[in-house]
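The values are calculated or read from the model by the stated rules, or taken from the named source; none is laboratory data. Just so it is clear, the model here is predicted, and its values are computed rather than measured. With ideal geometry, Cβ positions are generated from the backbone for all residues, glycine too; neighbour counts draw on all protein chains shown.
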């Protein structure tokens with residue numbers, strides 16, 4: 001192998017690992033969003049509502065960034081949400 005040659009197999013593995021990491025981040029954010037939405041709807045302690053809503057808004061913002069930066073994840077978002 002030449003000194004400046006690309007290690008295609010290693011590069012492909014790195015890209016695949018990055019994609020899996022991003023997918024796991026989406027799964028986590030979807031789970032936390034749903035959990036906080038359930039708290040907002042069902043929990044008797046109404047004093048925590050503002051904090052939960054703020055967190056839901058933040059999770060949604062993070063999801064928007066992940067989907068913007070990883071368009072292939074957007075195409076699979078229903079499947080990802082169904083696995084959480």
Counted residues in region 35-84 being modelled with pLDDT of 85 or more, exposed (fewer than 14 other Cβ atoms within 10 Å of the Cβ) and either closer than 17 Å to residue 24 by Cβ or in contact with a strand residue (DSSP E or B) (Cβ under 7 Å, 6 or more places away or on another chain) (or both) come to 2
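Restricting attention to region 52-71, which residues are assigned to a helix (DSSP H, G or I) and in contact with a helix residue (DSSP H, G or I) (Cβ under 9 Å, 6 or more places away or on another chain)? Step through it out loud before you land on a result.
Narrowing region 52-71 to residues assigned to a helix (DSSP H, G or I): 52-69, 71.
Selection gives 52, 53, 55, 56, 59, 60, 62, 63, 66, 67, 68, 69.
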Over region 22-51, the set of residues closer than 20 Å to residue 82 by Cα and not in a helix (DSSP H, G or I) is none
